[in-house]
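**Q** This is the structure I have questions about; it appears just below.
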Amino acid sequence: MEHQSTPAALEISSNRSLFWHKSDDLDKFRQPELSGSTVQAVKADDLLAFANLRLWDDLEWNQMFEAIKNDTTQADLCRCWFATSHFEPKQYKPFCDWVERLITLISKLEQSSESPRPLSFVPLSRKLLSATPGDADGDEVNGASISFKTGAVCVLKGEANDVRNWSQVLVPIEFEKRSPPRPARKSFNSFPGSSSSSQTRSNSTQSGTSAKGSDTAAKLKTKQPHIPHHIPSHTPLPATRPNSSSLRTYTPSLTDNQLSHYAMETLSAVGDRTHVFGLAVKCPNVTLWYFDRCGAVRSPPLNVQDSQGQDFLAFVKFLSTLVYMEDDALGFNPFFGASPGTKRVGMRKNLRNISIKVSELSEASLKLEQELVRRAGLVGRATVVYKAELWHQGEGNGVSVDAVLKSSWQHVPRIPEYDILQELHTHSEASQHVVEVFYKMEGPTVSSQRGRFGEPKPQVLDDRALRYTVAECLSPITKLSQPFHIPHIGWSVLQAIKFLKRAGWFHRDISVGNIGFKLNPDCQGVIVKLLDFDLSKEIGSNSKGPHWTGTLPFMSIELLENREAVHKIGFEVEALMWVLLWIVQVYVEGKEEYGDTEHPLIDWFSNDRKPKTLAGSKRVYLQQVDPFTNNHYMVLEPQMKSLARKWDAMRYDLLRMRDEANDPKLLPDRIYGDEGVQEIETWMIEDRHWNVPKRYCTCGTHCAFD
């Protein structure tokens, strides 16, 4: 199996800490996302074909372009920009002034079938834009709300006077200063052609961690990050690299990393964008970029200094596409389209309170209410989950029910989550173990979008499809916050894992965020269920997905140490154990609480550590002398210590069996098969009685909520 050269946390989690806007973090995450075959180089004209415009075939457009070339004002503004090109921050306003003049002239075109989009290029200089906060279980991730600098942005003209957030941005822009010419020096140690024109940008002029003052900057440097309830999961498929000259190995520059970071923020800000364009400016060159959930497409650098040249023509055409192309071509997802009768979409801060028709085949509709989950990242699933009001007969007709709308970019070969859940619910007992599902919708694939660049069947590495699932609304499992809930959660999830095995499936991503519960409407009893089946796999299927998948803190030690390991039911059970140990150490009354100290289990997920090192930390944790519970869950300390010691003893037996078989990768059924599951189930029943609720609901059958 071939794997991309990617940090472990990036390979198995789409979680990019939204609050780590430091240059080293940009290099760590964005650079692997843009390296190798994820960046496709195309000709400028091919990139412009995406807009599906034929403006430049018209006589009127060509006359307008001649007027631009002969316009002395734009020529003077362009020269002002060139004059400041050695000083990055001083470029922002001259560049924007020049482009604004070009936009003004382009917008005078009268023969276009579309009215011009009112655009403004805004220099931000030292102004800070608020990063998009991550969401988990409806709560903003701790520490996610920070601000940082960028040089300039393209926005709608109505937004230009008060640009504060990435939700206002249409096109992000990144600048790179040009190295000034150096006088020749005679030296015995100098050689012809040995000087370098590259120069690293100073963090004092534009930094990913540009904070709101020295105090904030100090905190960002010293305080360890909090992480969300649900650390999202992602594993790239084995990379079958297309044989195309357009997909050559690419090494991104710092400017590329920064621009991709801004593109990530633009894509994540609202959740209604399928792609975003960007500009990388290194005077006299401008490179056109397009970012989506499989990587990026870029043009060659365009030298715009000569208004008579083909590169200048291509740049003016690009600006024309921004002014005249349709909303969907600009990246606005038609699924969350404008209201009927509205020609252009307005910039939104969020998707709350909008109504969506679920399917052309039914009257069902959704009204979005609250954002529950938002995933950061550029390449990946980019999952967004909204709590919604579902009307099966159309809004206002009949009785509505609580539901969730999940939008995510899933690998094309994977079986859609909706189809998996539909199959599972052919079993009568499924409603007690897994989330119910109502509707599905299919959006575009990345390859279909990139097909608009002119290549009929573009070769996209690990193609993704945008899929929507409408499902039952479950409450976060951490809201079952009393100590007597923990045994019930453990028992319920173990039974769900066994049900999936009987039905022929592995979940493959048991985690805190993928367990929820609902209350029985008759007795208010708790019913614990599994959700998020994006990474699930049919047992015995010839899946094109890798076995190595999951959410980092909850992954089996065996998976961390051996990514080639064939998935076993014991991996699911071990993940459940880590979930329980996580909750009793991290949560108090349903919320993360550990003061100003570093995360108590940071060794389970620290981004700068290798998987085998994380596995070693987990092995040590099973044997630790320190308490396994915080004060809130202290009454469970004997049971949680016993659970940890039980798994440690089973792992000791595993090592002994491997020595006897002389097979260091042996995964015996006694530990990771049905026998191992039975041993854990027996541990839960004997003396501890986890199979019996500690408090009953009013009907005397289910566990009580409080």
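**Q** Under the 0.36 nm per residue contour assumption, what length would be gained going from the current alpha-carbon distance of Lys694 and Arg658 to full extension?
**A** 9.0 nm
**Q** Assuming R0 = 30 Å, what is the FRET efficiency of Leu128 and Lys157, from their Cβ-Cβ distance, to the nearest 0.05?
**A** 0.90
**Q** Looking at the square roots a ≥ b ≥ c of the eigenvalues of the Cα gyration tensor of segment 561-706, which shape do they give, rounded for a/c under 1.5, prolate if a/b is larger than b/c, or oblate?
**A** Oblate shape, in that a/c is at least 1.5 and b/c is the bigger or equal ratio.
**Q** Given segment 548-706, what count of lysine pairs have C-alpha atoms under 28 Å apart, with each pair 8 or more places apart or on different chains?
**A** 24
**Q** Right, next: Quick check on segment 531-623: what are the equivalent-ellipsoid semi-axes from the Cα gyration tensor, as sqrt(5λ), descending, whole Å?
**A** 26, 16, 11
**Q** Could I ask something else about it? Simple spin-label model, 7 Å along Cα-to-Cβ: Ser642 to Asp419 in nm?
**A** 4.5
**Q** Same structure, new question: Take Thr383, Thr613 and sort them by solvent-accessible surface of the protein heavy atoms, 1.4 Å probe, largest at the top.
**A** Final ranking, largest accessible area leading: Thr613, Thr383.
**Q** Using the beta-carbon distance between Ile685 and Ser448 and R0 = 45 Å, what value does 1/(1 + (r/R0)^6) give for FRET efficiency, to the nearest 0.05? Don't skip to the answer; put the middle values down first.
**A** Values: r = 52 Å, r/R0 = 1.16.
It comes out at approximately 0.30.
**Q** So how much slack lies between Glu389 and Phe87, counting 0.36 nm per residue of separation and subtracting their Cα-Cα distance, in nm?
**A** Gain in length upon complete extension: 103.5 nm.
**Q** How do Asp272, Asp463 rank by accessible surface area computed with a 1.4 Å probe, from largest to smallest?
**A** So the residues, ranked largest to smallest area, are Asp463, Asp272.
**Q** Stretch Asn350-Lys610 to full length: gain in nm at 0.36 nm per residue minus the Cα-Cα span?
**A** Numbers: separation 260, 0.36 × 260 = 93.60 nm, distance 3.63 nm.
In short, 90.0 nm is gained.
**Q** Which order do Thr445, Thr72 take when ranked by solvent-accessible area (1.4 Å probe, heavy atoms of all protein chains), largest first?
**A** I get Thr72, Thr445, largest accessible area first.
**Q** Averaged over all directions, how much area does the convex hull of the C-alpha atoms of segment 618-682 cover when projected, in nm²? Don't skip to the answer; put the middle values down first.
**A** Details: hull surface 20.3 nm².
Over every viewing direction, the Cα hull of segment 618-682 projects on average to 5.1 nm².
**Q** To continue, here is another question. In square nanometres and to one decimal, what's the mean projected area of the convex hull around the Cα atoms of segment 510-571?
**A** Numbers: hull surface 21.7 nm².
Its Cα hull, projected and averaged over all orientations, spans 5.4 nm².
**Q** In µm²/s, what is D for segment 376-518 at 25 °C and 0.890 mPa s, where D = kT/(6 pi eta Rh) by Stokes-Einstein and Rh is the Kirkwood radius from Cα pairs? It would help to have the intermediate numbers written out before the result.
**A** Numbers: Rh = 17.4 Å.
D, rounded to a whole number, is 141 µm²/s.
**Q** How large are Rg and Dmax for segment 257-354 when calculated on the C-alpha trace, in angstrom?
**A** Considering segment 257-354 through its Cα atoms, Rg and Dmax are 15.4, 50 Å.
The values are calculated or read from the model by the stated rules, or taken from the named source; none is laboratory data. These numbers come from a predicted model, not from an experiment. Here Cβ is always computed from backbone atoms with ideal geometry, including for glycine, and neighbour counts include all displayed protein chains. Each accessible area value is taken on the protein alone, full model and side chains, heavy atoms only, with ligands, DNA and RNA left out. Shrake-Rupley method; radii C 1.70, N 1.55, O 1.52, S 1.80 Å.
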